[in-house]
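Some notes on the structure that comes next.
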Amino acid sequence: MIPPWTAALISAPDVEGAPILRRRFEVPADRGAVTSARLLVTAQGIVEPSLDGSRIGRDVLSPGWSAYETRLRVVEHDLTELLRAGTHELALLLGRGWYSGRLGWMGAEGVYGDRPAASAVLRVRFADGSEWALGTDAEWTASSSGVLADDLYDGQIIDARHESTDRNPVAVEALDPSRLVAYHGPLVVRHERVAPVRRWRSPRGTLLLDFGQNLVGWLRIAARGPRGRALTIRHAEVIEDGELATRPLRTAQATDRFVLSGGEDAFEPSLTFHGFRYAEIDGWDETEVVGTVEAVVVGSDLRRIGHFSCSDALLSRFHENVVWSLRGNTVALPTDCPQRDERLGWTGDIAVFAPTACFLFDMTGFLRDWLADLRAEQSAAGGRVPYVIPDALKGWAVREGEDPESVGVWSDAAVWVPWAIWEASGERAVLEESYDSMRAHVDRVAGRLSARGVWEGDFQFGDWLDPTAPPDDPFAAVADPDVIATAAYCRSLELTARTARVLGCEDEAVALGERAERARAAFAAVYLLPDGTLRSDAPAVYALAIAFDLLDDEARDRAGARLAGLVRASGHTINAGFAGAPYLCEALTRTGNIADAYALLMNRTHPSWLRPVELGATTVWERWDSLQDDGHVNPGEMTSFNHYALGAVADWMHRVIGGIETVEPGYARVRIDPRPGGGLSWARTVIDTPHGPVGVAWTAEPELRVEYWAPDGVEIELGEGIVDHAVRLPGPPAPVRAALRNPARAVKN
Ligand code: BGC
């Protein structure tokens, strides 16, 4: 709960670069000791508070990005230990961040406003019971900082020679307190520091560093060198022809510049962030500049709960890549990518990835916060779920002259994301909060259906980035976009009906269930052809029809056989994109073709999940061939090396290889049913559920042995195939216990 807020929003119209807003104040001495001091701070932009010159809190990039028009997050800091009677100074460094910096690939800047502003309240309580408060108002002053420029995409310029002696007035604007919300999700923080694994000169002669991992954050440089010397740092995810490959960043400059003071300097560009594995430093002449360089990993402070490893090193590394892509795309909101001029909350990506994310990390607070933005933007858009949340593309349509409309899979995030959190956490509140939004979404789509009862003719992203689509036309999938969209709608209706049931709205559950039934019937009537194939005969349409349970038994068996046939005909390479690929293995498994699911997963020939790993990927790529076999970057202008969407198959890995599946929400009842295959000789999967750790470790040789453990209160159901091979352990083995205590460390065998 946010207490009554009387402070204004203040900004610095007369200051170039990132301003520091300051206020000196006196803590009275005649009221006894300070018993409580709390600073509440928010910003349209990025704010870094400090007290008497020392940074407060360990959060960075706060308060992140929310639907600013209606939701401004407030961060709370406890200053009780720091405030004493006497003079103090509170300072707020302000960055442009998502508020007034660049957003999106269409050249937009200042989408929300043309300069950042902050608002803060300091509340102090004394031993004599009295209270005292200070808020942002016209009494504050604005100074320049050493940050001469800052932008999330373009980077930051810091001049260590700068002395901020100027004092300018602040501009004061009223803040509507109804916009203020507590920061629900974990704050964005610095995580580990990564030392370079290689340092060399490029063919052009510039210094290059390899951090061994495609990560998200920035460089921390401690250096001493000639006063006025500029170190210019560029970042990239890959090296091409010996130099940084910056083309995939499109217009994002991702360039930081640090100007040395001549003394000992320490730089961290904390008002920006980059997605990179490599950095190029210009101006670092070793005879004149001495110092250290490290990468600082930055992201929302999510708690790691799920782990997976297996006997195949490449597959284990793929799983690690999924984890890294999740970490890199959870910097205050779930994004498509962290490096180019985009980094938006694309709904479709998290719609398909949410189950995987919720197994690996405790996503509840983070995603509930984002869903609050989704609901805010959805109601602002009249029930339509925008392509990206927060909606930085307001009013923007993909096809000129056409109003943006709901899209299959992407807009379904309104239903699929809360459902995934519910399954993982068992928190009913998630469904309560989202139910109206789910309904609004399915009702909106119902209004778009054709007379045949299917969703056809609207703009769709469809099976985005199917590998058969040419690099410059990601829409051109083999799967018919209307089939994908209608399948997604059927699933949303079904999940909304189930939600109504959980919430005790029985009448609505029945009505929604009937609608789901009718939608399914229409799907089959229109798209199921007399020869038993589905329209467009693409792996993705079979995958969705089977995984979302849209066909009767006979049609489903035929669809499964056809899917297996297609997958075999392609030599177990993948012919599906963002919508279809997450469900291929699931659909094959459900229709008795698990060997094909394994063959698909374990394949190393392009397009496949493991080919990028073989090429050295340390994150999941946007395209199956973001880097091509010849070592060149895909010619498409949209080529990221850090997109989690295609990593959604990890959900199948956790449930089917790992053998852990929640049956009752929040793992109150768990199915333990690993189905070994793919030549794997062992696998170990662990999740720290709301009831405690559940784990399965199996070895295939000399004969199958499945060890599992779970807390007492959790009901277990064992798969038929493993009953005779299963051994229940009293608790997790020592290495697992250690890894769960130290979540940054992955569980290794
Ligand atoms: C993003 C995707 C997103 C898509 C919409 C791309 O530019 O990077 O991840 O879902 O657009 O189709």
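Here are a few things to note about the model shown:
- Within the stretch 4-52, being closer than 30 Å to Leu148 by Cβ, polar (S, T, N, Q) and surrounded by fewer than 16 Cβ atoms within 10 Å (Cβ to Cβ) holds for no residue.
- All of Asp480, Asp553, Asp537, Asp549 fail the test of being acidic (Asp, Glu) and closer than 22 Å to Tyr435 by Cβ, apart from Asp549.
- Selection within the stretch 546-569 - of a type in the set (A, V, I, L, M) and touching a residue at least 60 places away in the same chain (Cβ under 8 Å): Leu550
- Subset of the stretch 456-480 (residues that are within 16 Å of the ligand (Cβ to nearest atom) and farther than 19 Å from Gly348 by Cα): Pro470, Pro471, Asp472
- Of all residues in the stretch 707-728, one or more are in contact with a His (Cβ under 6 Å, 6 or more places away or on another chain) and of a type in the set (Gly, Ala, Ser).
Condition check ((1) modelled with pLDDT under 95; (2) charged (D, E, K, R); (3) farther than 22 Å from Pro665 by Cα; (4) crowded, with 16+ Cβ neighbours inside 10 Å) across all residues:
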{"site": "Arg705", "(1), (2), (3), (4)": "no, yes, yes, no"}
{"site": "Gly713", "(1), (2), (3), (4)": "yes, no, no, no"}
{"site": "Glu717", "(1), (2), (3), (4)": "no, yes, no, no"}
{"site": "Val727", "(1), (2), (3), (4)": "no, no, yes, no"}
{"site": "Arg737", "(1), (2), (3), (4)": "yes, yes, yes, no"}
{"site": "Leu740", "(1), (2), (3), (4)": "yes, no, no, yes"}
{"site": "Ala744", "(1), (2), (3), (4)": "yes, no, yes, no"}
{"site": "Val747", "(1), (2), (3), (4)": "yes, no, yes, yes"}
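- Any hit, the stretch 514-531, residues being free of Cβ contacts under 8 Å to residues at least 24 places away in the same chain, surrounded by fewer than 23 Cβ atoms within 10 Å (Cβ to Cβ) and closer than 23 Å to Trp419 by Cα: yes
- The stretch 325-349, subset assigned to a helix (DSSP H, G or I) and touching an Asp or Glu at 6+ places or on another chain (Cβ under 9 Å), residue farthest from the ligand (Cβ to nearest atom): Thr347
- Scanning the stretch 436-455 turns up no residue that is assigned to a loop (DSSP other than H, G, I, E, B) and within 16 Å of the ligand (Cβ to nearest atom).
- Hey, Ile421 in a helix (DSSP H, G or I) and within 15 Å of the ligand (Cβ to nearest atom) or not: no
- Single unsatisfied condition, Leu615 versus (1) within 16 Å of the ligand (Cβ to nearest atom); (2) surrounded by fewer than 22 Cβ atoms within 10 Å (Cβ to Cβ); (3) over 23 Å from Asp341 (Cβ atoms): (1)
- Only one of Ala429, Ala397, Ala376, Ala380 that is surrounded by fewer than 24 Cβ atoms within 10 Å (Cβ to Cβ), within 18 Å of Gly104 (Cβ to Cβ), away from the ligand (no atom under 16 Å from the Cβ) and over 13 Å from the mean Cα position of the chain (by Cα): Ala380
- 3 or more residues touching a residue at least 24 places away in the same chain (Cβ under 8 Å) and over 19 Å from Glu288 (Cβ atoms): qualifying strands (runs of 3 or more DSSP E) within the stretch 148-264: 155-159, 171-173, 180-182, 188-194, 207-224, 230-236
- Considering the stretch 69-115, the residues that are part of a strand (DSSP E or B) and within 16 Å of the ligand (Cβ to nearest atom) include one that is surrounded by the most Cβ atoms within 10 Å (Cβ to Cβ), namely Leu103.
- Of all residues making up the stretch 112-166, the number that are under 18 Å from Gly86 (Cα atoms) and either among the basic types (Lys, Arg) or under 28 Å from the mean Cα position of the chain (by Cα) (or both): 2
- Qualifying residue in the stretch 408-415 (condition: among the hydroxyl-bearing types (Ser, Thr, Tyr), modelled with pLDDT of 95 or more and either within 15 Å of the chain's Cα centre (by Cα) or more than 12 Å from the ligand (Cβ to nearest atom) (or both)): no
- A single member of Gly275, Gly291, Gly299 is within 16 Å of the ligand (Cβ to nearest atom), assigned to a strand (DSSP E or B) and not hydrophobic (A, V, I, L, M, F, W, C), and it is Gly275.
- In the stretch 638-650, the residues that are over 11 Å from Gly580 (Cβ atoms) and touching a residue at least 40 places away in the same chain (Cβ under 8 Å) reach residues that are more than 10 Å from the ligand (Cβ to nearest atom) and acidic (Asp, Glu) with C-beta atoms within less than 7 angstrom, at least six apart or across chains, in these pairs: Phe641/Glu237; Asn642/Glu237.
- Filtering the stretch 459-507 to residues that are part of a helix (DSSP H, G or I) and either polar (S, T, N, Q) or surrounded by fewer than 21 Cβ atoms within 10 Å (Cβ to Cβ) (or both) leaves Thr486, Ser492, Thr496, Arg498, Thr499, Arg501, Val502, Glu506, Asp507.
- Residues in the stretch 94-119 that are over 17 Å from Ala392 (Cβ atoms) and touching a Lys or Arg at 6+ places or on another chain (Cβ under 9 Å): Leu94, Arg115.
A quick yes/no check of all residues on (1) closer than 25 Å to Thr347 by Cα; (2) of a type in the set (Phe, Trp, Tyr); (3) touching an Asp or Glu at 6+ places or on another chain (Cβ under 7 Å):
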position: Ser608; (1), (2), (3): yes, no, no
position: Glu622; (1), (2), (3): yes, no, no
position: Gln628; (1), (2), (3): no, no, no
position: Asn634; (1), (2), (3): yes, no, yes
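- Looking only at the stretch 1-57, and only at residues there that are among the hydroxyl-bearing types (Ser, Thr, Tyr) and touching a Ser or Thr at 6+ places or on another chain (Cβ under 9 Å), the one that is farthest from Leu82 (Cα to Cα): Thr42
- Residue selected from the stretch 635-663 under the condition more than 12 Å from the ligand (Cβ to nearest atom) and of a type in the set (Val, Ile, Thr), by the criterion surrounded by the most Cβ atoms within 10 Å (Cβ to Cβ): Ile657
- All positions within the stretch 624-634 that are farther than 19 Å from Gly571 by Cα and either among the β-branched types (Val, Ile, Thr) or within 16 Å of the ligand (Cβ to nearest atom) (or both): Ser626, Val633, Asn634
- When restricted to residues that are farther than 21 Å from Thr589 by Cα, touching a helix residue (DSSP H, G or I) at 6+ places or on another chain (Cβ under 7 Å) and part of a loop (DSSP other than H, G, I, E, B), the stretch 663-705 contains 2.
- Residue in the stretch 481-490 that is over 14 Å from Phe578 (Cα atoms), among the aromatic types (Phe, Trp, Tyr) and within 16 Å of the ligand (Cβ to nearest atom) present: no
The values are calculated or read from the model by the stated rules, or taken from the named source; none is laboratory data. Keep in mind it's a predicted model, so treat the numbers as computed, not measured. So basically every Cβ, Gly included, is an ideal-geometry build from the backbone, and we count neighbours across all protein chains shown.
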